[in-house]
Amino acid sequence: MGAPVVRVEGLVKRYGGATALDGVSFEVGKGEVFGLLGPNGAGKTTTVEILEGVRAKTAGVATVLGEDPSDLKRGRSVKRKMGVLPQDFSAFARLTVRENLEFFAGIYDSPVNVPELIGLLKLEEDSQKRFALLSGGSKQRVGVAAALVNDPEIVFLDEPTIGLDPEARRATWKVISDLKDRGKTVVLTTHYMDEAEKLSDRIGILVKGKLAVLGSPAELIGRFGGSKTIVFKNGGDAVFGTLRRFFDGATMEGQDVVLPFENLRDLDVAMGALVGRGLDSDVALRQPTLEEVFLRFAGFRMTESGDAV
Amino acid sequence: MKLVVVFKAVTRNWLRSRSGLFFSFLFPVLLLLLLASVSSTPGVPGPAGLGAGYYVASVTAAFVMTNGVIGLTNVGSELRRNGVLKRLSASPLPKFEWLLGNILSQAVLALILAGVMLALGAVLFRAEYLVNFFSIAILVMGTLLFSGLGMTLAGVIKDPETASGVGNAIAFPMMLLSGTFWPISAMPAYLQSVAAVLPLTFFSEGLRDSLVVANFQIALTDLVVVTAFAVAFLLIGTATTKWSEP
């Protein structure tokens, strides 16, 4: 990791008696995409809002580019180099997309070219539409554009793809990848596992205000994701009963039978047992994912909307 | 200058609101036409013998007040609820430039409203005025006063619906009690004592005294009182407009 652009140490945030952040510590290096992953209410937004200088911390250290963003004077110079996409981005309802982006461009000293930005985010068709009349996905893309309007050194993206259709989501991923290619530092919050895994150099999993684990996606999956598994599709009780005689670790997920996979010999044994009993099932190899890592540390899974289940 | 950028954006956003336009311009114009028509009818003496000029000044003052207390309150609390203010606080835009841009926008809208009302009064009702330093100064100070009050309400009340209700609850009684529609002297004594402490009373009276009556001594007193109210509300409004979350 390069020189830290973001430094968070022992960060605490309390709202009355409730603790939202409980001693969170991490650093983000220059040019790194850092993902904060966690369910709703884990403290992701609170963390980035403190780093953006829009929310006060209770205790600890939170610096961006070496400065405390909440500092009245120095914070402003950091904010010039910072791009921000807040959760549920909104803008002037009755201004067009272009007018809104020109407004955001106008409050920075060295903004980028607004028409180019509109092209980058594929907002040409919407550029003359009023913000209030846009779809949720277009509004979110305007938010991403507004976050890039000052050609920032560091970009905070709070749930950047929430509410986007798959195509718009992939387009936003491309923008984030391009930012990385241009050497920008990105702090990203998300509750989408695939997004965090695909985009982030390193991931911090936040659970109930605490940073449960930190590392690159490959590291986390390798260390905590468990073994690969073989899935016998729709195997049902017959396949499960047969495999269970040979493997204690065989489990059922609905009608699928799941078998931890250590080596090829396991596969040979399993297939031999099934053939011997005249059983047949489609077989798939399943790699461990971030979801297993999350489950291990959080103790629960997340829904598409980020709620714990 | 960021101030100009803010001014342009908030003014455009305001002018594109149909309800904003109606209540900022069309409604006061309709009200002026109605009231001035009645007062111009032969045999019906205008309030304080001032005819249509009375209503030009009073209705202008009243709607500068409602634009600040109702309009700015609604816009401010809405921008806070939908997160625009939070987004701006994460930018290098200073709070005072944001507030100043909004106040400047209100001041320009107030001057346009006053211009429209004066023109209508002069053309349709042959009202005569004396546009002078006092009338312009008191119009600007009145705008600052009620912008400050609007900012205060938007800052203190988090929910836009409640803010709108409170804005209306303040604006309409003040409009009725401050001599907009009838002279304060025509009201019972206890209501006159309430009117005597309402900022709109001084604003409205100051505008009438400077613009229509040409009584600059009273206008100066009104200007001082309106300025004092304006400073107080702008300070409170600035303090209550939160640029960061707790």
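The values are calculated or read from the model by the stated rules, or taken from the named source; none is laboratory data. Being a predicted model, the structure only gives us computed values, none of them experimental. As a convention, Cβ positions derive from the backbone with ideal geometry for all residues, glycine included, and neighbour counts pool all protein chains shown. These accessible areas exclude ligands, DNA and RNA; they are computed on the full protein's heavy atoms, side chains included. Shrake-Rupley method; radii C 1.70, N 1.55, O 1.52, S 1.80 Å.
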Out of everything in the range A:130-140 that is within 25 Å of A:I176 (Cα to Cα) and open to solvent by 20 Å² or more (accessible area, probe 1.4 Å), what residue ends up being nearest to the other protein chains (Cβ to nearest Cβ)?
A:K139
Condition check for A:S110: closer than 18 Å to A:I154 by Cα, surrounded by fewer than 21 Cβ atoms within 10 Å (Cβ to Cβ) and at the interface with another protein chain (Cβ under 9 Å from one of its Cβ atoms):
no
If we scan the range A:25-36, do we find a residue that is in contact (Cβ under 8 Å) with a residue 24 or more places away in the chain, in a strand (DSSP E or B), surrounded by 14 or more Cβ atoms within 10 Å (Cβ to Cβ) and within 14 Å of chain B (Cβ to nearest Cβ)?
no
Please work out if A:S216 is surrounded by 15 or more Cβ atoms within 10 Å (Cβ to Cβ) and of a type in the set (S, T, Y).
no
Sole miss for A:K122 among (1) on the phi > 0 side of the Ramachandran plot; (2) within 13 Å of chain B (Cβ to nearest Cβ) is condition (2)
Which is in a strand (DSSP E or B), of a type in the set (A, V, I, L, M) and in contact with a Ser or Thr (Cβ under 7 Å, 6 or more places away or on another chain), of A:L164, A:L188?
A:L188
Give A:T96, A:T58, A:T63 a once-over and let me know the one that is over 16 Å from B:K95 (Cβ atoms), under 23 Å from the mean Cα position of the chain (by Cα) and more than 9 Å from chain B (Cβ to nearest Cβ).
A:T63
Are there any pairs, at least 6 apart or on different chains, whose C-beta atoms fall under 6 Å, with the first in the range B:177-199 and on the phi < 0 side of the Ramachandran plot and the second among the polar types (S, T, N, Q) and open to solvent by 30 Å² or more (accessible area, probe 1.4 Å), and if so, which?
B:I184/B:Q192
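Listed here are the residues, each with its yes/no results for (1) buried (at least 24 other Cβ atoms within 10 Å of the Cβ); (2) under 19 Å from B:G51 (Cα atoms).
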site: B:G115; (1), (2): no, yes
site: B:L118; (1), (2): no, yes
site: B:A122; (1), (2): no, yes
site: B:F125; (1), (2): no, yes
site: B:F172; (1), (2): no, no
site: B:L211; (1), (2): yes, yes
At negative phi, at pLDDT below 95 and surrounded by fewer than 17 Cβ atoms within 10 Å (Cβ to Cβ): does that describe A:G66?
no
Residue identified as in contact with a strand residue (DSSP E or B) (Cβ under 9 Å, 6 or more places away or on another chain) and open to solvent by 20 Å² or more (accessible area, probe 1.4 Å) among B:K86, B:K158, B:K95:
B:K86
Do we have B:S58 as surrounded by fewer than 17 Cβ atoms within 10 Å (Cβ to Cβ), assigned to a helix (DSSP H, G or I) and either in contact with a Leu (Cβ under 8 Å, 6 or more places away or on another chain) or within 14 Å of chain A (Cβ to nearest Cβ) (or both) here?
no
Residue match in the range A:196-206 (condition: more than 19 Å from A:T45 (Cβ to Cβ) and touching a Pro at 6+ places or on another chain (Cβ under 6 Å)):
yes
Yes or no: the range B:153-165 includes at least one residue that is modelled with pLDDT under 90, assigned to a helix (DSSP H, G or I) and within 20 Å of B:V225 (Cα to Cα).
no
Being closer than 19 Å to B:Y55 by Cα and open to solvent by 50 Å² or more (accessible area, probe 1.4 Å) is the filter here, so list the residues in the range B:180-191 that pass it.
B:W182, B:S185, B:A186
Scope the range A:193-221; condition touching an Asp or Glu at 6+ places or on another chain (Cβ under 8 Å) and without any contact (Cβ under 8 Å) to a residue 40 or more places away in the chain; matching residues:
A:S216
Condition first: within 8 Å of another protein chain (Cβ to nearest Cβ) and in contact with a helix residue (DSSP H, G or I) (Cβ under 9 Å, 6 or more places away or on another chain). Now tell me which residues in the range A:69-86 satisfy that.
A:S70, A:K79, A:M82, A:V84, A:P86
What number of residues within the range A:235-284 satisfy the criterion of being of a type in the set (K, R) and closer than 23 Å to A:G225 by Cα?
2
Taking A:G143, is it under 23 Å from the mean Cα position of the chain (by Cα), within 14 Å of chain B (Cβ to nearest Cβ) and over 17 Å from A:L179 (Cβ atoms)?
no
From the option list B:F229, B:F203, single residue qualifying as touching a residue at least 24 places away in the same chain (Cβ under 8 Å) and open to solvent by less than 10 Å² (accessible area, probe 1.4 Å) is B:F203
Would you mind telling me which numbered condition in (1) out of contact with any Gly (no Cβ under 6 Å at 6 or more places or on another chain); (2) open to solvent by 10 Å² or more (accessible area, probe 1.4 Å); (3) within 8 Å of another protein chain (Cβ to nearest Cβ); (4) in contact (Cβ under 8 Å) with a residue 24 or more places away in the chain A:F89 fails?
(1)
May I ask you to list the residues in the range A:38-55 that are at the interface with chain B (Cβ under 9 Å from one of its Cβ atoms) and within 17 Å of A:G204 (Cα to Cα)?
A:E49
Within the group A:G236, A:G225, A:G272, which residue is within 30 Å of A:L164 (Cβ to Cβ) and not polar (S, T, N, Q)?
A:G225
